[in-house]
1. From the set of residues in the range 24-38 that are in a loop (DSSP other than H, G, I, E, B) and in contact with a helix residue (DSSP H, G or I) (Cβ under 9 Å, 6 or more places away or on another chain), which is surrounded by the fewest Cβ atoms within 10 Å (Cβ to Cβ)?
2. Looking at ILE219, ILE174, ILE165, ILE240, which is the one that is modelled with pLDDT under 95, buried (at least 19 other Cβ atoms within 10 Å of the Cβ) and not assigned by TED's automatic domain parsing to the domain that holds VAL278?
3. For GLY81, are the conditions met, namely being of a type in the set (Gly, Ala, Ser), touching a residue at least 12 places away in the same chain (Cβ under 8 Å) and surrounded by fewer than 22 Cβ atoms within 10 Å (Cβ to Cβ)?
4. If only one of ALA76, ALA95, ALA46 is part of a loop (DSSP other than H, G, I, E, B), among the hydrophobic types (A, V, I, L, M, F, W, C) and either touching a Phe, Trp or Tyr at 6+ places or on another chain (Cβ under 6 Å) or free of Cβ contacts under 8 Å to residues at least 24 places away in the same chain (or both), which one is it?
5. I'm trying to understand the selection: among the residues of the range 300-339, which are small (Gly, Ala, Ser), surrounded by fewer than 14 Cβ atoms within 10 Å (Cβ to Cβ) and outside any strand (DSSP E or B)?
6. Return the pairs, sorted by first residue and then second, in which the second residue is part of a helix (DSSP H, G or I) and among the small types (Gly, Ala, Ser), the first residue lies in the range 208-233 and is under 17 Å from LEU96 (Cα atoms), the beta carbons are less than 9 Å apart, and the residues are 6+ apart or on different chains.
7. Residue by residue through the range 49-61, note down the ones that are free of Cβ contacts under 8 Å to residues at least 24 places away in the same chain and either within 22 Å of LEU264 (Cα to Cα) or not in a loop (DSSP other than H, G, I, E, B) (or both).
8. Going through the range 1-23 one residue at a time, which ones are surrounded by 15 or more Cβ atoms within 10 Å (Cβ to Cβ), outside any strand (DSSP E or B) and of a type outside the set (A, V, I, L, M)?
Amino acid sequence: MKKIYKMINKIQNYDWGTCDFIANLKGDEISGKPQAELWMGAHPKASSEVIVDGEIISLDKLISQNPSEYLGDIIANKFNGKLPYLLKILSAKSALSIQVHPSKKQAEIGFEIEEKKGIKLTAFERNYKDKNHKPELICALTDFYAMCGFRSLEKIHSFWEYNKIWSEQSKDFIKKPNSANFQALFFQLLGLNKNLQISLVEDLFNNLLPARDSDDEIIINWMRKLNEKYPGDIAVLAPIYMNVIKLKPGESLFLKAGLIHAYLQGSGIEIMANSDNVLRGGLTSKHVDLVELQKTLLFDFGDMKTIDVEKDEFAEKYPTSAEEFELVRQTKFPVKNSINSCEILLCTKGEIKVEEIIVKAGESLFISASAKNYQIYGNGEIFRARIPEED
């Protein structure tokens, strides 16, 4: 019998999560408690579980018993016997923190430094929870709003100058809107004490001029929403300098190391390298380390592009540069899928049958590398998390 297991997954109840999306997807009763993320994978913080011979076992423990069988020889050797990705359903009713993720080298160095300093992994001021980087992809299931990357310097300067956002910090950028002056402005604003942040934000809202176009309307609307949740936080100005993006269902973004971003609202599928490293830049009560942020943040300016989907008769693939993961969407069945390593299969619509296992919306399967291939029947939509095949 092929080693295919139904998964028992854990929900993260962060306060920014919606109460209904994940429950409705799974057909569960709505409890009124926020359900921000449903995790599918073998992350030690909240590993999925599977049933083997009538007993429940965590997925990370199952894989550790025979990495070659479950991951495949090549992948087991490449990723030290660990599942290299984490798949999530993410559902946000309000904004997550502005953040960036470090490169692998930065994570390794940062982790070792904090270990030598004796900073506990659970400490408030801890930045690096592991030695891994965290490239990630978000694919929208509903209309999904995010801020990602810096807008062009011309657009940032235009809004700043039009609304006369004069301050000691902004005078050089207003006079000469180049990258160096914006970087200085960015970090000076984040470094202001709380009273100065509140004062600057109040002045901004008191003196905002009427929107000139739809871009101005979007900026102003999101600044007001962010200020409702994080009143006086200087990062509520982020829509002025970051691209505000609306993804339609099926559209996706890839977030590489160093790319500034924040999810604002909506539900989607998220897949990432198996890491918990986050450096924050505002809209949060958690630790903000400006020194580490300055080492990590990329100051690339311009529009943010969605991923160009690669399509064939049965599947849509979301290609990225990540070596740890690949996401595939399928809606046409029956189909026979061949695999080069393990996969996590998530059903998001309808009901399908994988070999002899019925999978409903909100349910997922772990398919071991030893299965080699599997048949899918039924009607619905699935997302497959897998490791890319090497050229």
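1. Filtering first and then ranking leaves GLU29.
2. Numbers: ILE219 fails: modelled with pLDDT under 95; ILE174 fails: buried (at least 19 other Cβ atoms within 10 Å of the Cβ); ILE240 fails: modelled with pLDDT under 95.
Just a single option satisfies the conditions, and that option is ILE165.
3. On the way: of a type in the set (Gly, Ala, Ser): yes; touching a residue at least 12 places away in the same chain (Cβ under 8 Å): yes; surrounded by fewer than 22 Cβ atoms within 10 Å (Cβ to Cβ): yes.
For GLY81, the condition - of a type in the set (Gly, Ala, Ser), touching a residue at least 12 places away in the same chain (Cβ under 8 Å) and surrounded by fewer than 22 Cβ atoms within 10 Å (Cβ to Cβ) - is met.
4. Working: ALA76 fails: part of a loop (DSSP other than H, G, I, E, B); ALA95 fails: either touching a Phe, Trp or Tyr at 6+ places or on another chain (Cβ under 6 Å) or free of Cβ contacts under 8 Å to residues at least 24 places away in the same chain (or both).
Going through ALA76, ALA95, ALA46 in turn, just one is part of a loop (DSSP other than H, G, I, E, B), among the hydrophobic types (A, V, I, L, M, F, W, C) and either touching a Phe, Trp or Tyr at 6+ places or on another chain (Cβ under 6 Å) or free of Cβ contacts under 8 Å to residues at least 24 places away in the same chain (or both): ALA46.
5. GLY302, SER321
6. TRP222/ALA238; MET223/ALA238; LEU226/ALA235; LEU226/ALA238; GLY232/SER199
7. At the first step, the residues of the range 49-61 found to be free of Cβ contacts under 8 Å to residues at least 24 places away in the same chain are 53-55, 57-58, 60-61.
Result: GLU55, ILE57, SER58, ASP60, LYS61.
8. LYS2, LYS3, ASN9, TRP16, CYS19, ASP20, PHE21
The values are calculated or read from the model by the stated rules, or taken from the named source; none is laboratory data. Worth saying up front: this structure is predicted, and the values here are computed from it rather than measured. Because the Cβ atoms are built from the backbone with ideal geometry, glycine has one as well, and the counts that use them run over all protein chains shown.
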